[in-house]
Amino acid sequence: MPGKSFYKANPEQRDRVPPGQYLTNGFPVLTYGQTPVVDSKAWELRVWGLATPKTFSWSEMMEFPQQEFTKDFHCVTRWSKLDVQWTGIKIADFMERVELDPKATHVLQHCYGDYTTNLSLEDFVREENFFAFRLFGEPLPAEHGGPMRTVVPHLYAWKSAKWINGLEFRDREELGFWERNGYHRRGEPWSEERYSY
Ligand SMILES: Nc1nc2c(c(=O)[nH]1)N[C@H]1C(S)=C(S)[C@@H](COP(=O)(O)O)O[C@H]1N2
Ligand SMILES: [Mo]
């Protein structure tokens, strides 16, 4: 329930806040299970399935163009945070280095700690999606997914995978962790795609 740190959007903010959401100035940590400890030197991102298998190290990731992103963040548990400032790498730029099988239509994101979450390729490869490694000018804290996470701003935040370490490309949808446990397969906040029932 919204407590004192959650508040209703004021009129200027209203068109940025999806139905049923409350704003927070804090940045709650939402993690199922333990926070994995991953050093950037040991971090890697593996690509497999309907794509030429490839592993990207931290230094290979750092060769992609880096940019700042300011995005709103909407958790299905009803808090939203406006104007989160990240530094990252566009997923679209990254995908130029992935050789996809033309049959690929979906991706399952895999994480250190075994969390998974699924997306259609259309939802995954959008101009505003990115890998994030800095938050408000600081290295991304472990509890928020450091050293590296994805951010998919147009969907509920459970689709933004913390401690990302794998992308499995597929020719059909395979549900991820929360999607198998009752959350919506897509999770679009403006149409309140919260649950699968
Ligand atoms: N690996 C992993 N990624 C995850 C989660 C998780 O438990 N494990 N939680 C998801 C949920 S439900 C939300 S709301 C956001 C929360 O991100 P934050 O903890 O940085 O606020 O991360 C998403 N990504
Ligand atoms: Mo969430």
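Just subtract the alpha-carbon distance of THR55 and TYR195 from 0.36 nm times their residue separation and send over the number in nm, one decimal.
Numbers: separation 140, 0.36 × 140 = 50.40 nm, distance 3.36 nm.
Residue separation times 0.36 nm, minus the Cα-Cα distance, leaves 47.0 nm.
From largest accessible area down, sort ASP171, ASP93, ASP123; use a 1.4 Å probe on the protein chains.
On the way: ASP171 75, ASP93 35, ASP123 15 Å².
Listed by decreasing accessible area, they come as ASP171, ASP93, ASP123.
Show me the GluC sites (Glu not before Pro) within the range 139-186 that DSSP assigns to loop and that have at most 16 other Cβ atoms within 10 Å of their Cβ. It would help to have the intermediate numbers written out before the result.
Working: sites: GLU143, GLU168, GLU173, GLU174, GLU179; in loops: GLU173, GLU174.
Those satisfying the criteria are GLU173, GLU174.
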Legend entry - Per DSSP, loop GluC sites (Glu not before Pro) in the range 1-87 with at most 16 further Cβ within 10 Å: GLU12, GLU63
Legend entry - Sulfur and carbon atoms: percent of accessible area, the chain [1.4 Å]: 49
Inset, instruction - At 1.4 Å probe size, with no ligands or nucleic acids counted, give the accessible surface of TYR22 in Å², nearest ten. - result: 60
Legend entry - Solvent-accessible area per residue, Å², over the chain with all protein chains present [probe radius 1.4 Å]: 50
Legend entry - Point-to-point label distance, TYR7-SER40, nm (Cα→Cβ direction, 7 Å offset): 3.5
Inset, instruction - Please find, in a Gaussian network model of the chain (springs between Cα atoms separated by less than 10 Å), the residue of THR150, THR117, THR52 whose mean-square fluctuation is greatest. - result: THR52
Legend entry - LYS103 accessible area, 1.4 Å probe, all protein chains in place, Å² to nearest 10: 120
Legend entry - Positive-pole candidate from THR77, ILE89, PHE130, dipole of the chain, charges at beta carbon: THR77
Legend entry - Only Lys, Arg (+1) and Asp, Glu (-1) charged, at Cβ; the chain dipole about Cα centre in debye: 580
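Using alpha carbon coordinates only, what is the Rg to Rh ratio of the chain, with Rh defined as the Kirkwood radius? Could you put the intermediate results ahead of the total?
Values: Rg = 16.3 Å, Rh = 17.1 Å.
Rg divided by Rh gives 0.95.
Which net charge results when you count Lys and Arg as +1 and Asp and Glu as -1 among the other residues whose beta-carbon is under 13 Å from that of ARG78? Display every interim value, and only then the final one.
Details: positive: LYS8, LYS81, ARG194; negative: GLU192.
Net charge in that neighbourhood comes out at +2.
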Inset, instruction - Can you send over the solvent-accessible area of HIS144, 1.4 Å probe, protein chains only, in Å² to the nearest 10? - result: 20
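Taking only C-alpha pairs under 8 Å that are 6+ residues apart, what is the relative contact order of the range 1-160 in percent? Don't skip to the end; give the middle numbers.
Values: 262 pairs, mean separation 34.4, N = 160.
Reported as a whole number, the value is 21 percent.
Kindly provide the trypsin sites (Lys or Arg not before Pro) of the range 1-72 that DSSP labels as loop, not H, G, I, E or B, and whose Cβ sees at most 10 other Cβ atoms within 10 Å. Display every interim value, and only then the final one.
On the way: sites: LYS4, LYS8, ARG14, ARG16, LYS41, ARG46, LYS54, LYS71; in loops: LYS4, LYS8, LYS41.
Passing both the DSSP loop test and the Cβ count: LYS4, LYS41.
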Legend entry - Calculated from backbone phi, Karplus (6.51, -1.76, 1.60) coupling profile of the range 42-47 in Hz, x at Gly/Pro: 9, 4, 8, 10, 9, 10
Legend entry - Given charges at Cβ of Lys, Arg, Asp, Glu: the chain dipole, positive-most of TRP43, HIS154, GLN67: HIS154
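The values are calculated or read from the model by the stated rules, or taken from the named source; none is laboratory data. As the structure is a computational prediction, the values presented were derived from the model and not from experiment. Here the Cβ is made from the backbone with ideal geometry for all residues, glycine too, and neighbour counts use every protein chain on show. Heads up: the accessible areas ignore ligands, DNA and RNA and are worked out on the full protein's heavy atoms, side chains in. Shrake-Rupley method; radii C 1.70, N 1.55, O 1.52, S 1.80 Å.
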